[in-house]
1. Ranked by Cβ crowding within 10 angstrom, fewest neighbours first, how are B:Asp235, A:Asp73 ordered?
2. How well do other chains shield peptide B:148-157, expressed as the mean number of their Cβ atoms within 10 Å of each residue Cβ?
3. Just check the range A:187-231 against the gyration tensor rule for me: Cα atoms, a ≥ b ≥ c as the square roots of the eigenvalues, rounded for a/c under 1.5, and otherwise prolate or oblate depending on whether a/b exceeds b/c.
4. Taking amide H atoms as placed 1.01 Å from N in the peptide plane, list the residues 5 or more away in sequence, or in a different chain, whose amide H sits under 5 Å from that of A:Lys174.
5. Determine ³J(HN,Hα), in whole Hz, for all residues of the range A:173-183 in sequence, where each value follows from phi through the Karplus function 6.51 cos²θ - 1.76 cosθ + 1.60 and θ = phi - 60°; x replaces Gly and Pro.
6. Positive end of the dipole of the range B:3-89, charges at C-beta (+1 Lys, Arg; -1 Asp, Glu), about the Cα centre: which of B:Leu7, B:Val18, B:Ser88 has its Cα farthest in that direction?
7. Averaged over A:276-285, how many beta carbons belonging to a partner chain fall within 10 Å of each residue's beta carbon?
8. Under a Cβ-only charge scheme (Lys and Arg +1, Asp and Glu -1), can you give me the dipole magnitude of chain A about the Cα centre, in debye to the nearest 20?
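Read-outs throughout are calculated quantities, based only on the coordinates presented, and are distinct from any laboratory measurement. Note that the structure is a prediction, hence the values are computed from the model and not measured. FYI the Cβ positions are ideal-geometry reconstructions off the backbone, even for glycines, and counts take in every protein chain you see.
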Amino acid sequence: MVSDRTWRNLAVELRRSHLAKLGLVLVAFILFVAIFAPVLAPHDPEQTDPGEANLPPLGFSETKTETTSEMVDGEVQIVEEEVQIDATSEHPLGTDYVGRDVLSRVLFGARTSIIVGIVGTALAALFGVTVGLISGYYGGRLDDGLMRAADIMLAFPSLVLAIALVGLWGRQTKKYDDPFQTWGLTPDMPEHVVVPITVILVVALVNWVWFARVARGEALSVRNEEYIKAARATGKRDLELRFAHVKGIPIPYPGGIITEHVLPNSLTPILVLATIQVAAVILLESALSFLGFSGANLSWGLDISQGRDYLSSAWWISTVPGIAIVLAVVGINLVGDWLRDALDPGIDQGEGGV
Amino acid sequence: MSLGRFLVRRTLQGLLVVWGVITVVFFLRLLSPGDPVTFIAPLDASPELKERIAEDLGLNEPIYVQYVEYLGGLLQGDMGYSYQRGLSARSVIWARVPATVELAVAASVVAMVLSIPLGVVAATRRHGPADYGATLFSLVGISTPNFWLGIMLILVMSVQFDLFPTSQRQVGFLESWAHLVRVDFGDPSISFPLRVGSFADSLLTWLQHITLPAITLGTYFTALITRLTRSGMLDELGKEYVTAARAKGLPETLVRYRHALRNTLIPIITVLGLQLGTLIGGAVITEEVFAWPGLGSLLIDAINARDWPLIQASLIVIGVSFVVINIAVDAVYGYLNPQVGYE
């Protein structure tokens with residue numbers, strides 16, 4: 001489905017642009033971290049240790065003056081004590097207010113962001129592209145109706161709509177067994193991956209419109225092309241159920257003119273849009289969990305909000321996960337720029353940052 | 001098409017969208033779990049009391065009657081009654097609008113003032129340090145979540161250097177013109193404006209409090225517009241009319257600012273119109289970070305309290321203002337770009 005010319009364009013652009021290389025490296029790194037978090041993390045991210053709370057990251061050891069009042073011979077005396085708080089290599093990025101390891105939490109946080117980013121975008125694309133292709137291909141009343149519905153969706157800023165929906169539907173999550181745990185590779189790590197289901201659904205519901213618009217535009221532009229007319233003339237139906245036989249088991253899939261001729265033509269802009277949307281979705285997820293609307297226990301946005309009360313004593317709790325978000329989103333945006341420059345689809349990109 | 005006809009047509013289309021927005025917001029409540037009565041009634045409420053509350057809210061009527069009554073109420077400016085606050089939703093929202101508008105305007109001003117010069121400089125000194133700096137800034141600015149940026153600004157500017165207050169708008173922009181300073185005697189919920197001090201004091205208070213939130217909300221747009229200005233200017237400066245203008249002997253500043261920049265601004269306005277949702281969404285979360293008493297923090301409070309009339313009213317206000325501003329952006333766009341006109 002991907003032509004040689006497309007590959008060549010991608011390769012040429014990649015060789016030309018250092019930023020594209022940086023983007024690919026960042027994305028590969030984040031994916032690697034998200035997949036292997038339990039192997040890479042030095043500690044269980046949920047393990048609290050009040051004795052080791054608010055330890056600074058390496059290189060930021062500090063001395064603090066602690067004042068305590070003591071009773072000496074029946075008199076209250078205020079004792080000032082210089083306390084040396086040493087960073088330890090046990091916790092290279094420090095610990096949070098209940099002694100959880102910041103590095104481990106950031107590594108695991110990548111999982112939530114990546115899962116929500118990819119699954120949420122995939123659902124949005126599936127729904128949006130289906131609606132958009134049908135709308136653009138048939139046109140007429142159906143198209144008018146669907147596009148008015150899209151206008152109404154667009155009348156709410158995506159973050160506002162997402163906040164309203166998650167706030168109202170509650171913070172549903174689903175636990176999945178961590179494969180590394182199942183294979184017995186990482187005995188000290190959490191047993192489950194907690195996936196914020198409501199957030200994923202809401203993200204898809206909020207973002208499908210952008211995919212619908214792009215797919216519709218592409219379908220509109222080809223619906224009267226000769227090759228589509230030719231396919232129609234052969235008696236091919238617009239949409240039909242086909243079966244692929246895998247080891248004798250029939251697996252249904254949609255066939256027909258729309259999926260076989262219209263869809264392939266619009267794949268490039270959809271791919272570019274999807275890449276940029278993953279970045280937008282990661283920002284949206286972090287905002288929702290920052291506001292406490294997520295339910296995921298390990299999330300960058302959640303950690304940032306938890307560190308807010310400790311800005312004067314432990315700045316790293318909020319700072320570190322934010323840097324992780326910026327790196328992930330910069331990486332994905334750079335890959336998006338690379339695809340856009342190489343493939344040049346010319347589309348709206350949807351709402352961006354949070 | 002003339003501007004008048006354009007406005008009439010867009011307004012009619014907009015009304016249709018507004019009606020859709022109201023309908024979606026109304027039915028949102030039915031889709032969400034939980035009985036609104038239980039959020040209003042005291043825990044030990046008798047069944048009779050609950051029945052009376054349900055009666056009062058009109059919940060015993062069939063859905064379509066409730067819907068028609070809600071629409072009818074809105075037409076008369078009645079947006080429902082917030083039981084938690086003991087006030088009409090309209091008065092609660094009205095009190096919050098100025099703070100949000102101030103924040104959004106201040107952020108746009110920050111973005112415009114910083115980004116366009118930055119983009120122009122980057123484009124005219126291509127491959128220089130300014131260009132790389134601007135490119136890096138716009139890349140990172142677009143990718144930074146604004147709530148984190150806000151917290152980092154508080155960390156550096158307020159906690160470390162004590163330059164700006166961390167939160168709470170004390171006085172409104174308009175109030176500052178009347179030399180008012182908000183006094184709360186220890187309880188912010190019953191604060192009221194008093195005429196204390198001079199206009200300068202009052203305005204300074206306003207500026208101090210709005211600076212960090214405005215930077216927080218404005219950074220994404222500054223980054224975006226810098227990027228657009230840079231690439232737009234590069235495009236325009238390579239075109240033939242620019243070469244012609246230079247050949248004719250026009251001073252370079254005139255070529256750049258009078259000709260190239262003006263053409264660059266047109267697509268920027270389109271993108272800004274598309275990004276309006278990001279501005280409003282960003283305002284919601286910026287308000288939450290800085291305890292800014294606007295519509296966004298109101299919406300979040302209302303959702304957490306399940307204060308239905310207030311949730312619906314604030315969503316409708318946000319949706320409607322979005323539609324209205326979009327029409328205005330299209331009108332400005334048609335004015336600036338006669339090629340497109342009012343289509």
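1. Ascending Cβ contact count within 10 Å gives the list A:Asp73, B:Asp235.
2. 5
3. prolate
4. Correct list: A:Val195, A:Ile197.
5. Residue by residue, the range A:173-183 yields 10, 10, 9, 10, 5, 6, x, 4, 5, 4, 7 Hz.
6. Final value for the positive-end residue is B:Leu7.
7. Partner-chain Cβ atoms within 10 Å, mean over residues of A:276-285: 2.
8. With Lys and Arg at +1 and Asp and Glu at -1, about 2860 debye.
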